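Okay, structure first, notes after.
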Amino acid sequence: MTITQLRYIVALDQFKSFAKAAEHCLVAQPTLSLQIQKVEQELGFDLFDRKKNPIITTKLGKEVVEQAKSTLKEADKLFEIAGQWKDEPAGNISLGIIPTVSNYLIPSIYKKLQTEFPKVNFRISELPTLTIIEKLESEEIDLGILATPLKIPNIVEHQLYYEPFVVYYPKDAKEKSASVSMKHIEKYPLLVLGEEHCFRHQSLKICNRNALAKIESGSVETLKRMVDMGIGVTLLPKLAVDKVSDRIVPFQTPEPAREISLVYKKGFYKTKILNKLTNLILSVIPKEYHKKEKFKVIGVSIAQD
């Protein structure tokens, strides 16, 4: 029985499909199927019920899968220890990132990930906060990038930077100044993201709005278009704004901001990759956002996120 075979078993248990498991493992489906059959022959019992659709892991198979996960974790630690003797980190990293961060951060760092981590295979998924937390706890992903503080017992928060909120006004707005307070925007309908986004709940906290906003959307770009039509105002993450405009106005000091962190489950051991990834991300974030002194950090609620 090999490490590769154990990876195939865990993947099939996760995806319940030979095709999806093979795609995840970057091998041909017949190869994955044959290797799992070899393990079953070696053990003397079936790990999976292939007659079901989707495939079901047998009772004994579940025990084998759990042991395989434990074995793979220990094997990965051995590779990580070996990697400490080299300059270059290696291995696999699954990264979940919330949409309101990924839309500007991933384009900024993607090429650098390839050049600075040539031996690391990154799998990046755009996911809402609650899904990232669930996948971290089930060990389906290794790291998350999202808004904090979350204060979840089993999750470690590695703070990266602090991103201020800005107001996006319609074209014909009359009351605009160099910076805004609540009184400047409270008379405008507030447009926010949908329930699955923590940015929505932070926006409502900042604007002291408990009622439903006039329009909810799953996309920041849609909200901006609605504002362009004169329907209301919206709040945007500062780093997602790619141009200077008198319609994009900061809040008065202390500016409300969100804390963006790398998060991981306790026991995460790939510290070399974590530290290098932290430095890479901070290299593309303006230095004035690295510390929170001048900002008022808005908390996150994941009950609704």
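Which of the lysines could a cross-linker span from LYS171 if the Cα-Cα distance has to be under 26 Å and same-chain partners fewer than 8 positions apart are dropped?
In chain and number order, the partners are LYS183, LYS187, LYS205, LYS214, LYS224, LYS238, LYS243.
In the chain, with Lys and Arg counted as +1 and Asp and Glu as -1 at Cβ, which of these residues, LEU160, HIS184, VAL233, has the Cα nearest the positive end of the dipole, that is, farthest along it?
HIS184
Can you list which of the chymotrypsin sites (Phe, Trp or Tyr not before Pro) found in region 253-283 are DSSP loop residues with at most 11 other C-beta atoms within 10 Å?
Filter output for region 253-283: empty list.
Using Cα centres only, tell me the gap between region 101-125 and region 135-181 in whole Å.
19
Roughly how many debye, to the nearest 20, is the charge dipole of the chain about its Cα centre, given +1 on each Lys and Arg Cβ, -1 on each Asp and Glu Cβ, and no other charges?
Values: 44 positive and 37 negative charges, 127 e Å.
Computed charge dipole of the chain: roughly 600 debye.
Given the peptides 91-97, 183-189, arrange them by the average over their residues of other C-beta atoms within 10 Å, most packed first.
Averaged packing, sorted descending, gives the order 91-97, 183-189.
List the GluC sites (Glu not before Pro) within region 228-305 that DSSP assigns to loop and that have no more than 16 neighbouring Cβ atoms inside 10 Å.
Working: sites: GLU259, GLU288, GLU293; in loops: GLU293.
Of the GluC sites (Glu not before Pro), the ones in loops of region 228-305 whose Cβ has at most 16 other Cβ atoms within 10 Å are GLU293.
Lysine pairs, Cα distance under 24 Å, 8 or more residues apart or cross-chain: how many in region 3-84?
Lysine pairs satisfying the spacing and distance rule in region 3-84 number 29.
Of LEU12, LEU32, SER203, which is farthest along the charge dipole of the chain in the positive direction, counting Lys and Arg as +1 and Asp and Glu as -1 at C-beta?
Result: SER203, furthest along the dipole toward the positive end.
Sorted by average packing, counted as other Cβ atoms within 10 angstrom per residue and highest first, what order do 131-138, 66-73 take?
131-138, 66-73
Going highest first, how would you order 110-121, 272-283, 156-167 by mean Cβ packing within 10 Å?
Ranked from most to least packed, the peptides come out as 156-167, 272-283, 110-121.
Any idea how far the Cα center of region 221-235 sits from the one of region 32-63, in Å?
One Cα centre to the other: 53 Å.
In square angstrom, what is the accessible area per residue of region 3-84 with a 1.4 angstrom probe?
60
The values are calculated or read from the model by the stated rules, or taken from the named source; none is laboratory data. Being a predicted model, the structure only gives us computed values, none of them experimental. Cβ: placed from backbone, ideal geometry, glycine included. Neighbour counts: every protein chain shown. Accessible surface is based on the protein model in full, side chains and every heavy atom, while ligands, DNA and RNA are left aside. Shrake-Rupley method; radii C 1.70, N 1.55, O 1.52, S 1.80 Å.
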